[in-house]
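Below is one structure, written out as structure tokens, with a few remarks after it.
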């Protein structure tokens, strides 16, 4: 059985560098995707994600497991992104500015690979990406913390410094708007 994130962070604070490596390996992908969907492009997301990890490293000595590690991690990410958005005038940015270095997905095999279905899936994905980019910043952040970070509504509230009901409302509105965007044709 693998140690819990909180135990790994405490071990890292005690000097175990391998514990940090395990935490980083577990959370680098979801954290990066959260940041990527919150800023303009991959390069900017990579830089911000590394800054967030540097803040985790800097805060290790004072770490106390008062909440789940992911809540603590995404709280750091939230604060870094707020600083980032403030420096840019709180503008809502596109998810896809053409600076995306992710690998394209391979087409599926079988009946789902029929051109009509592939086109329909691509169009739905594009509508979802556009709808996500158009969400108010607080709703987008709550949705991404929930989806990418795996945080519950209570943890989203803790990470963003809001009340639980506000986090629930933001999630509810975000999901409704995203569903409407996917269903609209």
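The values are calculated or read from the model by the stated rules, or taken from the named source; none is laboratory data. Note that this is a predicted model, so its numbers are computed, not measured. No Cβ is skipped: glycine too gets one built from the backbone with ideal geometry, and neighbour counts run over all protein chains shown.
Between 56, 39, the distinction of being out of contact with any strand residue (DSSP E or B) (no Cβ under 9 Å at 6 or more places or on another chain), outside any helix (DSSP H, G or I) and buried (at least 18 other Cβ atoms within 10 Å of the Cβ) belongs to 39 only. Within the range 71-84, is even one residue modelled with pLDDT of 50 or more, in a loop (DSSP other than H, G, I, E, B) and in the same structural domain as residue 38 (by TED's automatic domain parsing)? No. Do the conditions hold for residue 110, that is, is it at pLDDT below 50 and out of contact with any strand residue (DSSP E or B) (no Cβ under 9 Å at 6 or more places or on another chain)? Taking the combined requirement at face value, the residue satisfies it. Considering the conditions (1) at pLDDT 95 or above; (2) surrounded by fewer than 17 Cβ atoms within 10 Å (Cβ to Cβ), residue 20 is excluded by exactly one of them, (2).
Exactly one residue out of 160, 152 is crowded, with 17+ Cβ neighbours inside 10 Å and either farther than 30 Å from residue 43 by Cβ or at pLDDT below 65 (or both), and it is 152.
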